[in-house]
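Written out below as structure tokens is the structure these notes cover.
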Amino acid sequence: MEENILEIRNITKHFAGVKALDNVSFSVKRGEVHALMGENGAGKSTLIKVLTGIYKADSGEIYFDEKKCMFPNALSAQHAGISTIYQELNMIPYLTVSENIFLGRYPMQRAGIDWKSMNEMAQKLVDDIGVKIDVRKPLNTYGTAKQQIISILRAISLKSKLIVMDEPTSSLDSNEVDILFGIIDKLKKDKVAIVFITHRLDEVYRMCDCITVLKDGQYEGTYDIKELSQYELLNKMIGKKILSMDNNRVKRDFSTDECVLEVSHVTRVPYVRDVSFKLHRGEIVGFAGLLGSGRTELARIIFGCDIPNSGQIQMGGKLIHLSSPKDAVAQGMAFCTENRREEGLFPDISVQ
């Protein structure tokens, strides 16, 4: 159909005998924000990678901008007008913001790269959305949230016809989410289509026009946002009746159990100020708060990544001094960082 920018027809993909996608079809209209929903393992990421040329489908057809196509690689998809913003950022931290935005497309002059023009174009993109970013600074000067916004600006600079956003708000606070939604509104007015992948249902119902649900690699259905309540959407994603939305877990009193960790009046200016808590054996303590509230910074202090200005940490009733993660490991601690790629794993060596 002419109004559809994208039509995916009967796509199937196997991995070592496992059917990751089973005869999946759906379409996206021009200027539409289309949510792609499903549990982990439903096939969302695989479908996007087939669309953008990272994986090759075993069978099926893709029509983009009224042309049949099966992209051999991600660059071909990008040249055709499809941009993807992944949850795991794929940019170069030691290049400037403007270099990252125009990577591979630097404006040239006789003497080489036209740095002045590139910086001016990049700064205009940033200023248009009202974010304070100096495009001449290295990308790693900014936190994950602003880096996510910069990756979105890169997609906009490509003048894409379809932008896939994979968990784009995962590292954004409420103000930055509002900025992102403002960007999406502008893109809609320019007839740019958005495929929006998220687990946050409130964002789906705030921003999206319709929803496609995948379950176990199969197409479950496409629905207008007004047709489906959040409760019905969860039922379709999970495939079974949700018995209760209430938390009926039995609460247990841990106060008499052994205290394995005690943090007392820990401060690291300006991120953490006078934080105290106790963790008992078998207990799960959750840190809640908005981006920038100090949750990650506190975890880094506990694991010895950062040194506090004041306060103390005890394990098993004994005062400990952690000057590095090695000290924390020696005390029996482990740390699952939010930044898996740079701090949690060595991606170029084997799993073993």
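Being surrounded by fewer than 12 Cβ atoms within 10 Å (Cβ to Cβ) and either among the charged types (D, E, K, R) or in a helix (DSSP H, G or I) (or both) is the filter here, so list the residues in the range 322-339 that pass it.
If we filter the range 322-339 for residues that are surrounded by fewer than 12 Cβ atoms within 10 Å (Cβ to Cβ), which is where we start, we get 323, 326, 332, 334, 336.
The one that is surrounded by fewer than 12 Cβ atoms within 10 Å (Cβ to Cβ) and either among the charged types (D, E, K, R) or in a helix (DSSP H, G or I) (or both): 326.
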*asked:* So, in the range 48-75, exactly how many residues are over 23 Å from the mean Cα position of the chain (by Cα) and either farther than 20 Å from residue 191 by Cβ or β-branched (Val, Ile, Thr) (or both)?
replied: 11
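In the range 81-97, which residues are touching a residue at least 60 places away in the same chain (Cβ under 8 Å) and of a type in the set (A, V, I, L, M, F, W, C)? Working first, answer last.
Applying the first criterion (touching a residue at least 60 places away in the same chain (Cβ under 8 Å)) to the range 81-97 yields 81-91.
The answer is 82, 85, 89, 91.
Among the listed residues 179, 163, identify the single one that is surrounded by 14 or more Cβ atoms within 10 Å (Cβ to Cβ) and more than 29 Å from residue 11 (Cα to Cα). If you could, list the steps in order and put the result at the bottom.
Working: 163 fails: more than 29 Å from residue 11 (Cα to Cα).
Exactly one of 179, 163 is surrounded by 14 or more Cβ atoms within 10 Å (Cβ to Cβ) and more than 29 Å from residue 11 (Cα to Cα), namely 179.
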*Are there any pairs, at least 6 apart or on different chains, whose C-beta atoms fall under 6 Å, with the first in the range 141-157 and closer than 15 Å to residue 186 by Cα and the second of a type in the set (Ser, Thr, Tyr), and if so, which?*
155/83
_I'm checking my understanding of the structure. Among residues of the range 16-35 that are over 16 Å from residue 208 (Cα atoms) and in contact (Cβ under 8 Å) with a residue 24 or more places away in the chain, which one is surrounded by the most Cβ atoms within 10 Å (Cβ to Cβ)?_
21
*Residue count for the range 296-312, restricted to those that are surrounded by 17 or more Cβ atoms within 10 Å (Cβ to Cβ) and either more than 12 Å from residue 268 (Cβ to Cβ) or touching a residue at least 60 places away in the same chain (Cβ under 8 Å) (or both)*: 2
*Would you mind finding the one in 35, 57 that is assigned to a loop (DSSP other than H, G, I, E, B) and of a type in the set (A, V, I, L, M)?*
57
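Can residue 162 be described as out of contact with any strand residue (DSSP E or B) (no Cβ under 6 Å at 6 or more places or on another chain) and in the same structural domain as residue 67 (by TED's automatic domain parsing)? Lay out the reasoning, then the answer.
On the way: out of contact with any strand residue (DSSP E or B) (no Cβ under 6 Å at 6 or more places or on another chain): no; in the same structural domain as residue 67 (by TED's automatic domain parsing): yes.
No, not satisfied.
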*Could you tell me which residue of the range 60-70 is nearest to residue 11 (Cα to Cα), considering only residues that are surrounded by 12 or more Cβ atoms within 10 Å (Cβ to Cβ) and touching a residue at least 12 places away in the same chain (Cβ under 8 Å)?*
60
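The values are calculated or read from the model by the stated rules, or taken from the named source; none is laboratory data. Here the structure is a predicted model, which is why all the values come from computation and not from measurement. Every residue, glycine among them, receives a Cβ derived from its backbone with ideal geometry; neighbour counts consider all protein chains shown.
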